[in-house]
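Asks: Just dropping this structure here.
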Amino acid sequence: MKSEKNDHVKEPDIEYGLYTYADYLTWEMDEMVELIKGKIFKRDIAAPALNHQRISMHLSNKFYNFLRGKTCQVFHAPFDVRLPVKSRKNQDIDTVVQPDICVVCDPAKLDAAGCLGAPDLVVEILSPGNNKRELKNKYEVYEEAGVREYWVIHPNEQTLLIYSLVEGRYQASRFFVPGDEVTSACLPSFFLDLEEIFEE
């Protein structure tokens, strides 16, 4: 999973350990993990549910088609997003996440390892095992890092909530539901019909 291999890597302590991106690069783990403020969070072991996959594909395609020929680019998991605070050095970065979908408009943030710095827009699609991580932990790190828009999609309830960064703090939209038309402050003229995203 990681780009560097090490036969003498100590298994990380998921319960109590605090780690950095430099540690993350040395791990050989069978499952996807994220690092949030130094703590390890396992991604769901099971493959995403069918609705999750459908929504992810629909929305990724909408972003991709809209962004063709533009500076902004869309990426989907697995794709490492490193969110530096103190410095951009691997040993100082303690948050590495893999959003379901993200849009990056500054090419300077992209490198061979993924994205270094805050994407402009992040989409997380909830599943039973990750609601707490998305709604609390990731909310905090996305806000602190300066992610301009954070979209949270609940497949079962068929809702979309958009957090927009205003003077360094997130402001929540109302819940959008099928039949609503959604736009993005990050992507002028982007238009999304939620009926298409949630269709069976």
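Asks: Only residues that are among the β-branched types (V, I, T) and surrounded by 15 or more Cβ atoms within 10 Å (Cβ to Cβ): list them for region 160-177, please.
Replies: Of everything in region 160-177, just one residue is among the β-branched types (V, I, T) and surrounded by 15 or more Cβ atoms within 10 Å (Cβ to Cβ), namely I162.
Asks: Mind telling me which of the residues E157, E196 ends up being surrounded by fewer than 20 Cβ atoms within 10 Å (Cβ to Cβ), more than 18 Å from the chain's Cα centre (by Cα), free of Cβ contacts under 8 Å to residues at least 12 places away in the same chain and closer than 19 Å to R54 by Cβ?
Replies: Answer to the selection: E157.
Asks: If D180 satisfies all but one of (1) farther than 20 Å from V85 by Cβ; (2) touching a helix residue (DSSP H, G or I) at 6+ places or on another chain (Cβ under 8 Å); (3) crowded, with 20+ Cβ neighbours inside 10 Å, what's the number of the condition it fails?
Replies: Going through (1) farther than 20 Å from V85 by Cβ; (2) touching a helix residue (DSSP H, G or I) at 6+ places or on another chain (Cβ under 8 Å); (3) crowded, with 20+ Cβ neighbours inside 10 Å one by one, D180 breaks only (3).
Asks: Something else about it: Starting from region 49-61, keep only residues that are over 18 Å from V103 (Cα atoms), then list their pairs with residues that are buried (at least 16 other Cβ atoms within 10 Å of the Cβ) and of a type in the set (F, W, Y) whose Cβ atoms are within a distance under 9 Å, requiring at least 6 positions of separation or different chains.
Replies: N51/F198; R54/F198
Table: residues versus (1) surrounded by fewer than 20 Cβ atoms within 10 Å (Cβ to Cβ); (2) of a type in the set (S, T, N, Q); (3) under 22 Å from L18 (Cα atoms); (4) under 10 Å from the mean Cα position of the chain (by Cα).
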| site | (1), (2), (3), (4) |
| --- | --- |
| H52 | yes, no, no, no |
| S56 | no, yes, no, no |
| F63 | no, no, no, no |
| V74 | no, no, no, no |
| T95 | no, yes, yes, no |
| D100 | no, no, no, yes |
| V122 | no, no, no, yes |
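Here, each number is a calculation from the coordinates, and none is a lab measurement. None of the values given here were measured: they were computed from a predicted structure. Counting neighbours? That spans all protein chains shown, and the Cβs are built from the backbone with ideal geometry, glycine included.
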